[in-house]
Number of protein chains: 2
Amino acid sequence: MEVITAGSIVAPKGFLSGAVYCGIKTMKDSLDVGVIYSEYPAAGAALFTTNQIYAAPVKYSRNVARKGKVRAIVMNSGNANACTGEQGYKNTVEMARSAARCLKISEDEVLVASTGIIGRQLPMDKLIEGIHKATASMGNTCEHGNAMARAIMTTDTRQKDIAVRLKINNKDVTIGGITKGAGMIAPNMATMLCFLTTDISIPYILLNECLKKSVESSFNRITIDGHMSTNDTIAIMANGASGVSMTSQHADLEKFQEGLDFVAKYLAHAIVKDGEGATKFVQIDVVGARSRNDAARIARSIADSPLVKTALNGEDPNWGRIVSAAGYAGVGLDESKINLYINNILIFAKGMPTPCDLGVLSVSMKSRDIHIRLELGLSAYSDTVWTCDLSHEYVTINAEYHT
Amino acid sequence: MEVITAGSIVAPKGFLSGAVYCGIKTMKDSLDVGVIYSEYPAAGAALFTTNQIYAAPVKYSRNVARKGKVRAIVMNSGNANACTGEQGYKNTVEMARSAARCLKISEDEVLVASTGIIGRQLPMDKLIEGIHKATASMGNTCEHGNAMARAIMTTDTRQKDIAVRLKINNKDVTIGGITKGAGMIAPNMATMLCFLTTDISIPYILLNECLKKSVESSFNRITIDGHMSTNDTIAIMANGASGVSMTSQHADLEKFQEGLDFVAKYLAHAIVKDGEGATKFVQIDVVGARSRNDAARIARSIADSPLVKTALNGEDPNWGRIVSAAGYAGVGLDESKINLYINNILIFAKGMPTPCDLGVLSVSMKSRDIHIRLELGLSAYSDTVWTCDLSHEYVTINAEYHT
């Protein structure tokens, strides 16, 4: 598997993208509208926020994704088109229609995504003009890929993109992706968007399964602050331009899955590393649980505890907060069987603190990457969650904004 | 109902308390061991943390409370006796035994509670000497009540106590209480302790029911940071010294319940107001839910969102964060029916932001008390949760400690 750091979303064959500034964001040198387009008909799959309050583009795109054909994604940043009622929905439809007209494809094949401020109607005149310009400017160079990666950013501090190239049937298959994440979006919340492209040919039902698997162990295993957005969207298009066809019986299905997993995990981790105010990248492994679900619940309980997160910010190996957060996850535990390692140093054994080299541990806490491993000693299931710390900067970002 | 602000825990007849410094805490002018004692046999009831990792005194006291007779509570602060294994449990038994000997009662009637650092063994020599001194110094003056309220504090910034006096059968019945809360306990977590006394006579099964009811709408409806302690304990003793007997058929049972509710709610609110770094006291009412449980889940989801808490800290009426936190509570919602009031001003109506006097709203956000009311419009059930904001001070308190 070859990792490609340039072009990303247009690295697979037969994909073009275009991004321009249309006037939604206030900073004029930023980009705020973009289109990703497949030159060939493509299978599509997508996953969305489970928040009961979801934005108009989520409502619309759910229906598009259900049909399994997605040939273009049109998106804007700076305005989430959430809590905007019927008018908001009409505007989403208009975005899809406008992109479809420019691209000369059916509007049923156009997915829509928005991120940014919520509760405000989109400036449709500017946006429609932006969609026209974005489609007119499409291309498949590195610059095009970079522009698209930047256009989906809100307060992300850097673009997040990656691609990989695999050999299947002796041909090159490429998977590319961009994502944006945990930037505060005035006046509201962070939204996670992720768009993926691949030039393999694959039935949409199988594509959907592959996407779910990848997301399960990547985007569904990260948490910044436990607050779920109204607009989260992950979508993939597969256009077959590589000349390789994938089926559920194909010997290299696992290879393709691994490539997709790699891209999804890389992008999910990039979101955590660029989390609001984050100074630490924390991996939490829970092993020895009675089920994977139990392990995940405990890992999330630890990851979402403000006391654990502030201790990590303070570079303190505070085992008491970690163990007690595990204790209230709603999973039955046997305290006397629990071991805890922080940065591979055993600090808590069989339910009690154990002597260890606190000097070495203390120095290890200063690195950006922190590894927590909790052994429950109950059975053989495990899971992993990634998170960041809770810093003064997080409070500053989120308290100092005024509506 | 008469509110009594002096004496509190020894305001009911027939109760004595004694508190001294024995050397567990490092500050010498503080108190760290105390005993609350009934001069007469008493019914007892208690509720404990549901954390799977629970301290030795919780394990021990659960068994005591099960029998329904509690004549004394012995407690220490500065050390939680949690994650201390078999030796920790032996030490708890020794605390009960020592208090029982001093008080010449059965050790089966002695409840034990501890709060403070976790993972360290108690200094038993000092503690036993402390228990001797505390019992020898017992009395029922205001000073005794105040000393006991201070002895349970850890990093609380002020003592939290109250008592009420009711007329039942033309006689005085008094209910008193003390609590401690959301102070950071190096190196670990906040513990909630609450001790209550009353001079009514009441069967312990009924007392247990009354306590559960009161706690359900007070201590079970507050949250500081969603991190549950290993040591939470709420206990009540009822000794009959008022000469009034309560039964489940008594005409004034509701009056007694109201008195107990008042004390529990006052103390629970006092914990939130003294929360780590708290600058706001926030009431969240969720109405129009399909069940009380649905309403409580949504209120808790809002109360525990770091994005909502930081907005409150910034005095920003950020409806988007509130509504989206309601959306991921795991309860089915109809966005188009939702109304949101902040400080009695309608800011979000039928799923969309609505024009309101932002100047008035903005000024109202500067007061300490904030009122959030979310109307779901689904059915007739409601619930209320109280919380505080998330401030820089919270991060400072919890990040700057080093193990």
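No value in this document is a laboratory result; all are computed from the given coordinates. Note that the structure is a prediction, hence the values are computed from the model and not measured. Here the Cβ is made from the backbone with ideal geometry for all residues, glycine too, and neighbour counts use every protein chain on show.
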Within the protein assembly as shown, percent of DSSP bridges classed antiparallel, to nearest 5
70
Förster radius 45 Å - calculated FRET efficiency between A:E2 and A:K67 (Cβ-Cβ, nearest 0.05):
0.85
Roughly how many whole Å is it from the C-alpha centroid of region A:342-388 to that of region B:288-355?
37
Cross-link table A:K25/A:K280; A:K212/A:K273; A:K104/A:K171; A:K167/A:K213, entries beyond 25 Å C-alpha to C-alpha
A:K25/A:K280; A:K104/A:K171
For a quick check: sort B:R71, A:R300 by the number of other beta carbons within 10 angstrom, fewest at the front.
A:R300, B:R71
Given backbone amide H placed at 1.01 Å from N, residues whose amide H is under 5 Å from that of A:Y54, ignoring those fewer than 5 places away on the same chain, are none
Nearest 10 degrees, 0 to 90: what angle lies between the long axis of helix A:142-151 and the longest principal axis of chain A (Cα atoms)?
70
Would you kindly work out, in nm and rounded to one decimal, the distances from the label point of A:R66 to those of the same position in each other copy, ordered shortest first, with label points 7 Å along Cα-to-Cβ?
5.3
Going by how many other beta carbons lie within 10 Å of each one, how would you line up A:I175, A:I372, fewest first?
A:I372, A:I175
Give the separation of the Cα centroids, region B:1-47 to region A:201-224, in Å.
58
Phi-based couplings in Hz for region A:327-334 (Karplus 6.51, -1.76, 1.60; Gly and Pro marked x)
x, 9, 7, x, 10, x, 10, 10
Hey, what number do you get for chain A at 222 nm if only DSSP H runs of n ≥ 4 count, each worth -39500 (n - 2.57), divided across all residues, to the nearest 500?
-10000 deg cm²/dmol
Write down the Å³ per residue value for the convex hull defined by the alpha carbon atoms of region B:134-235.
137
Normalised contact order of region B:2-273, rounded percent, pairs of Cα under 8 Å and 6 or more residues apart:
27
tail above 35 Å in the computed P(r) of the protein assembly as shown, as % of all Cα-Cα pairs, reads 52
Express in whole angstrom the spacing between the alpha-carbon centres of region A:137-162 and region B:59-107.
63
Computed Kirkwood radius, in angstrom, where 1/r is averaged over Cα pairs of region A:2-273:
17.9
Rounded FRET efficiency, nearest 0.05, which uses the C-beta distance separating B:A380 from B:R97 and R0 of 41 Å
0.20
Residue-wise, which Karplus ³J(HN,Hα) couplings in Hz belong to region B:260-268, taking 6.51 cos²θ - 1.76 cosθ + 1.60, θ = phi - 60°, and x for glycine or proline?
5, 4, 4, 4, 5, 5, 4, 5, 4
Averaging sequence separations of C-alpha pairs under 8 Å and six or more residues apart, then dividing by the length of region A:81-147, give the relative contact order as a whole percent.
40
At 7 angstrom along the Cα-to-beta-carbon line, where would the label on A:C356 sit relative to the other copies? Give the distances in nm, shortest first.
4.8
Tabulate in residue order the Karplus-calculated ³J(HN,Hα) for region B:93-101, using 6.51 cos²θ - 1.76 cosθ + 1.60 with θ = phi - 60°, rounded to whole Hz; enter x for Gly and Pro.
4, 5, 4, 4, 5, 5, 5, 4, 4
Taking B:K28 in one copy and the same position in all the others, each labelled 7 Å out along Cα→Cβ, what are the pairwise distances from the first, in nm, shortest first?
6.9
Folded to 0 to 90 degrees: helix A:204-216 orientation relative to chain A principal axis, Cα
30
Most exposed to least, judged by fewest other Cβ atoms within 10 Å, A:I152, A:I205 sort to A:I205, A:I152
Compute the Kirkwood hydrodynamic radius of region B:1-155, taking the inverse of the mean of 1/r over all pairs of distinct Cα atoms, and give it in Å to one decimal.
15.4
Which whole-number percent gives the relative contact order of region A:1-159, counting Cα pairs below 8 Å spaced six or more residues apart?
35
What FRET efficiency comes out for the pair A:K167/B:D125, r = Cβ-Cβ distance, R0 = 60 Å, nearest 0.05?
0.25
Could you size up the charge dipole of region A:281-387 around its Cα centre, putting +1 on the beta carbon of Lys and Arg and -1 on that of Asp and Glu, and report it in debye to the nearest 20?
140
Just grab the label-to-label distance for A:A349 and B:K255, each label 7 Å out from Cα along the Cβ direction, in nm (one decimal).
6.2
Express in nm, to one decimal, how much length is gained between B:E39 and B:N220 on full extension, taking 0.36 nm for each residue of separation and deducting their alpha carbon distance.
62.1 nm
